[in-house]
1. Is the C-alpha gyration tensor of region 73-142 telling us rounded, prolate or oblate? Criteria: a/c under 1.5 is rounded; beyond that, a/b larger than b/c is prolate, otherwise oblate.
2. Can you list the residues, at least 5 places off or on another chain, whose amide H is less than 5 Å from the amide H of Ala31, using H built in the peptide plane?
3. Run down the lysines and flag those whose C-alpha is under 25 Å from the C-alpha of Lys260, throwing out any fewer than 8 positions away in its chain.
4. Which percent, to the nearest 5, of DSSP beta bridges fully inside region 9-206 are antiparallel?
5. Along the charge dipole of the chain, pointing to its positive end and built from +1/-1 on Cβ of Lys, Arg, Asp and Glu, which listed residue (Ala68, Ile37, Gly190) has its Cα farthest out?
6. Note the full-extension length gain between Ala90 and Lys49 as 0.36 nm times their separation in residues minus their Cα-Cα distance, in nm to one decimal.
7. Treat the count of other C-beta atoms within 10 Å as a stand-in for reagent exposure and order Lys260, Lys235, Lys133 from fewest to most.
8. So for the pair Thr219, Tyr80, with labels modelled 7 Å out along Cα→Cβ, what separation do we get in nm?
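Every read-out reported here was derived from the displayed coordinates using simple, explicitly stated rules and does not represent laboratory data. Keep in mind it's a predicted model, so treat the numbers as computed, not measured. A quick note on method: Cβ atoms are made from the backbone with ideal geometry, for glycine too, and the neighbour counts reach across all protein chains shown.
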Amino acid sequence: MTDADTNPVLFQVTRGQTAVITLNRPERHNAFNAEVISGLTEIFDLLAKNTDEVRFVILRGAGKSFSAGGDLEWMKDQSYNTLDANREDAQALADMLYKLYALPQLTVALVQGAAMGGGAGLVAACDVAVAVKDTKFKFSEVKLGLTPATISPFVIRAIGPRWARALFASGEGFDAQFAHQIGLVQYVIGSADEFAGMEEHLASLAFAAAPGAVEAAKTLVDDVAGEEINHGLMKTLAHRIADRRASDEGKEGLTAFLEKRKPSWAE
């Protein structure tokens, strides 16, 4: 995926084990269509299998916007297809979003201009989001007679059911500062010129962390969120930290700290 003129999704892996994925339909504000969904799915499948080669993943949009969500012309065409065809198409989108969410690497969305509907869903499916302060967000599906079904698990986990219900049902727009307040975005910056500095900062965090521990930490949150805190849970978690201490990464990390040197994955 290298032709910047024709490819709707660009993909590059740097020498520094960083994958940069760029939504490349700037004339359509990087709106999804079947080709975009297929391209992203292919990339996420590749990244999931190559944790040794890639430890940090950046998702961004070319041009003025991060993503306007679903391409309206494409969705209109889909609406005239059979119910089975619509379900197959929607399943492809759902699978793509889950593959992004489930990546073992630290994932970061760099967001500018607009993140609407499914575009905001991509933001929620990443581990970290950095947004320019004037970015516009909106879950606008209800205004089209639709619902944000496939993105809902990721958004609800990010902002909670109370705000999700309000924003899903009203379709009200909001800015990056509000997105930060409700948990959709972790960092708000003044302009896109500051993306490079944030990339450097977040990459330094990613490469200081053990790759296996990053994946395990992400899974830990999923497994613990919403669980009742009781003896059974605490026993399970005690086993998890014991397993990590006994792992090769755990031994190397603790030994490196005591020897006052960098662990092997941070050299």
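1. Details: a/c = 3.70, a/b = 1.48, b/c = 2.50.
Oblate is the answer for region 73-142, as a/c is 1.5 or above yet b/c matches or exceeds a/b.
2. Residues meeting the amide H criterion: Ala68.
3. Within the straight-line cut-off, Lys260 pairs with Lys251.
4. Numbers: 7 of 30 bridges.
Once the DSSP bridges in region 9-206 are tallied, antiparallel ones form about 25 percent.
5. Positive-end residue among those listed: Gly190.
6. Working: separation 41, 0.36 × 41 = 14.76 nm, distance 2.44 nm.
Taking Ala90 through Lys49 to full extension adds about 12.3 nm, to one decimal.
7. Values: Lys260 6, Lys235 10, Lys133 14.
Lowest to highest Cβ neighbour count: Lys260, Lys235, Lys133.
8. Output for this residue pair reads 4.7 nm.
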